[in-house]
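The values are calculated or read from the model by the stated rules, or taken from the named source; none is laboratory data. Being a predicted model, the structure only gives us computed values, none of them experimental. Please note: Cβ atoms are built from the backbone with ideal geometry, for glycine as well, and neighbour counts cover all protein chains shown.
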Amino acid sequence: MTDTPGWASPGSAPSNEGREPGASDPADHPGDSASAPQPDADAQRPGTKWSKEQPPPGQWTAPAGAPSPNQAPPPPPPGPGWGPRPPASPGGGYGGGPPPGYGGYGTPGGHGAWGGGWGGPPPAAKPGVIPLRPLGVGEILDGAVSTMRTHWRTVLGISLAVALFSATSLVLVQGFILNDVLGQMRVTSPHANPDDVFRALRDVMIGAGVVSLISGIAVVIATALLTTITSRAVLGRPVSIGEAWRDARPQLPKLFGLLILLGLIVVGVMFAGALPGILVMLTGGSDAAGAGLLALGFLAGIAVSAWLVIRFCLSTPALMLERQSIFKAMSRSAKLVRGSWWRTFGILLLTGLIVRIVQALISIPFTAIGAAVSGDGMDNLLGTGGGHIGWASLIIQGLGALIGTALTLPISAGVTVLLYIDQRIRREALDLELARAAGIQDAGTGAPGPVPGS
């Protein structure tokens, strides 16, 4: 039997394995053995470790706290942290406040006091706008707003420049192109012939396409810059517009290619869904059957397009932050969204509703003021005028669109980036890398468990 120092049992033979480091054997020092008094023969027998001097029988006193032979042994202590839960405090927690020490074991900085209740793991580190753990829906939205509030100079500078560019182009196109087209021929006029209607629709589509192209370019640049800013805000690091531009500029061509490819995919899916109905109508089939098939094809195309848009919605942050290629970024997005499609869809839908509500609350007063200032009064606001909108009304409406875009564009871009970071935290433990990048010691000691509202 191997005897560990301090745990030798009576009657067991000593072994060299259990000897403490540095202990010497009497056989190795014969001089010492000769000078030392020789013990009794019984004490030298192998395996005997009892002293020759023993107390009289019946006079040995048990140590304090030791149970008597007739007393039942006490129950074993409960496992760590599984004691009775303390009463709830008015603030919603237990025990009236944060427990002392780690995990609520009862002693400052240690594991004393069994049964004091487990206070939960320590909160996750939060070097920036979000805690480094899986995020809830409210935390993602709050992180986007906190980024805009914390770095408002940089964020609002970018969004205002983009909004000003988009609003100015919209006012100019509508003032010089759409007003003339709508003033010459109203599509809803009962005297309009088909050629005039198609000509007006063509010009309207050209003008809307120019505005969409200009706005799309501006939004792409803003999204690239805001992605960089949000990623730095997660680490609690400020970034200037110049630094964001230097980081984002190499990826801008790929970002344009990515968005063009996604647009072509959506258009192709919609066309493929509508193609059977178009073929039925062109081959002389029943108009009712062709129209019904066309409607069903459009609905199917919308459903498939929505599924693809959500599946590839994280391609932009993957391309910008991971420096991926276009197809690799799309593959990364599909991998991160897999298994969380409905959650991702719900978060983006909620964000879109919030953005549209904010834009409407800002633009409606400006539209009403512009309609009141223009010569046609409420006719332009209700759409019953002659189709021509005065420059004063256009400028006022453009001002409202500028403010609405400047306030909502950072939220949309920030939610997408934080959703990407959240998915990587859940799947790839990105929070540990972010904690190390932020210079936090003992990364990974936070609570990675389920988040309420996620």
(request) Give the number of residues within segment 303-349 that are small (Gly, Ala, Ser), crowded, with 22+ Cβ neighbours inside 10 Å and within 14 Å of the chain's Cα centre (by Cα). (result) 2
(message) Residues that are surrounded by 14 or more Cβ atoms within 10 Å (Cβ to Cβ), in a loop (DSSP other than H, G, I, E, B) and of a type in the set (S, T, N, Q): does segment 243-260 have at least one?
(response) no
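Yes/no matrix, rows are residues, columns are (1) within 14 Å of Gln324 (Cα to Cα); (2) touching a residue at least 60 places away in the same chain (Cβ under 8 Å):
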site	(1), (2)
Val239	no, yes
Glu243	no, no
Ala248	yes, yes
Ile260	no, no
Leu264	no, no
Gly268	no, no
(request) Please state which of the following conditions Pro238 fails to meet, knowing it meets all the rest: (1) farther than 18 Å from Val162 by Cβ; (2) modelled with pLDDT of 90 or more; (3) under 26 Å from the mean Cα position of the chain (by Cα). (result) (2)
(request) Just give me the residues in segment 355-374 being of a type in the set (A, V, I, L, M), within 26 Å of Phe312 (Cβ to Cβ) and surrounded by 17 or more Cβ atoms within 10 Å (Cβ to Cβ), in sequence order. (result) Val355
(request) Inspect segment 271-293 for any residue being over 26 Å from Gly346 (Cα atoms), modelled with pLDDT of 90 or more and either crowded, with 20+ Cβ neighbours inside 10 Å or in contact with a Lys or Arg (Cβ under 8 Å, 6 or more places away or on another chain) (or both) and give the result as yes or no. (result) no
(message) Pairs please, first residue from segment 284-313 and under 28 Å from Trp342 (Cα atoms), second anywhere and surrounded by 14 or more Cβ atoms within 10 Å (Cβ to Cβ) and acidic (Asp, Glu), Cβ atoms under 9 Å, 6+ apart in sequence or on different chains.
(response) none
(request) With respect to Gly112, determine if the residue is out of contact with any Lys or Arg (no Cβ under 7 Å at 6 or more places or on another chain) and either of a type in the set (Val, Ile, Thr) or modelled with pLDDT under 80 (or both). (result) yes
